[in-house]
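J.: First the structure, then my questions, so here it is.
Nothing in this text is a laboratory measurement; each read-out follows from the coordinates by a stated rule. Treat the numbers as computed from the prediction; the structure is a model and nothing was measured. All Cβ positions, even for glycine, are placed from backbone atoms using ideal geometry, and neighbour counts span all protein chains on display.
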Amino acid sequence: MSSNIKSGKEVIDEFFADVMKLKGVDDNIVKKLMYLYQEDKLTDTNVQNELDQLLQDELDRNEV
């Protein structure tokens, strides 16, 4: 029975693999979250900083 129980890492890895397949999901956001997770930096502050940077990048592109 223990072979059916997944570790937290397995569940999160599966989540990131599956979320990339969903329609309407922003690839840049998923990539940033995956990067933070892989670097063991997935914190509220880091997520907010990365999302703020993506927003600023988008605003900068639209100004041109």
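J.: Of the listed values (i) -0.54, -0.60, -0.94, -1.13; (ii) -0.35, -0.40, -0.82, -1.25; (iii) -0.46, -0.52, -0.93, -1.17, grab the one calculated as log10 I(q)/I(0) by the Debye sum over Cα atoms at q = 0.13, 0.14, 0.21, 0.27 Å⁻¹ from the structure here.
T.: (iii)
J.: Near Lys6, which aspartates and glutamates are there with a Cα under 15 Å away, not counting those fewer than 8 places off in the same chain?
T.: Partners found: Glu14.
J.: Can you tell me the length gained on complete extension of the stretch Glu14 to Lys41, counting 0.36 nm per residue apart and subtracting the Cα distance? All intermediate terms of the calculation are to be shown ahead of the outcome.
T.: Numbers: separation 27, 0.36 × 27 = 9.72 nm, distance 1.84 nm.
Length gained, Glu14 through Lys41: 7.9 nm.
J.: Tally Lys and Arg at +1 and Asp and Glu at -1 over the other residues with C-beta under 13 Å from the C-beta of Ile12: what net charge comes out? Mind showing how you got there, number by number?
T.: Working: positive: Lys6, Lys9; negative: Glu10, Asp13, Glu14, Asp18, Asp40.
Every neighbour counted, the sum reads -3.
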